[in-house]
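J.: Quick one: this structure, given as structure tokens, is what I'll be asking you about.
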Amino acid sequence: MDKEQQYERVFRHLDKNGDGKLSPPELQICIGKIGEELSLEEAEIVAELIDSDGDGLLSFDDLVKVVEGANEEEKANDLKMAFRMYEEVEGCGCITPKSLRRMLSKLGESRSVDECKLMIARFDLDGNGFLDFGEFQDMMS
């Protein structure tokens, strides 16, 4: 089962009345099932914010955008945390060959500083010999 089919299955399960839209009460029940509380008023506000066609209800596409957006945010946060692990050794806001070498060593990979320079050079778009977060993000995607 691919991701799209999984989303459809979840959407059909949440869409209690089968009208192809999630109403605020259905959204409130959905949030309650994952252990969070959401008042009907809050569910109405959430539905308004996410609703793409102005009817106050969430379509399947609206739900997918929310889930995918949350996944992207989670990925970005994970990347930021990984970047910090590499760069915190130097504390300069970038990954240097030395900080890369130290982190790889902690992970059980022995590399020379020259090897680390070559690794960085592949993704170092501005040619400064270091990886900033944007370059790190490109490397990881």
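J.: Being of a type in the set (F, W, Y) and at pLDDT 80 or above is the filter; apply it to the stretch 34-92 and report the residue that is surrounded by the most Cβ atoms within 10 Å (Cβ to Cβ).
T.: F83
J.: Go through the stretch 43-82 and give me each residue that's in a helix (DSSP H, G or I) and over 21 Å from the mean Cα position of the chain (by Cα).
T.: A43, E44, I45, A47, E48 - these are the residues of the stretch 43-82 that are in a helix (DSSP H, G or I) and over 21 Å from the mean Cα position of the chain (by Cα).
J.: Next question, about the same structure. When you go through K33, K65, K75 one by one, which is the residue that is among the charged types (D, E, K, R) and under 30 Å from S105 (Cα atoms)?
T.: Checking each option against the conditions leaves just K75.
The values are calculated or read from the model by the stated rules, or taken from the named source; none is laboratory data. Nothing here was measured: the structure is a model prediction, and the numbers come from that model. A quick note on method: Cβ atoms are made from the backbone with ideal geometry, for glycine too, and the neighbour counts reach across all protein chains shown.
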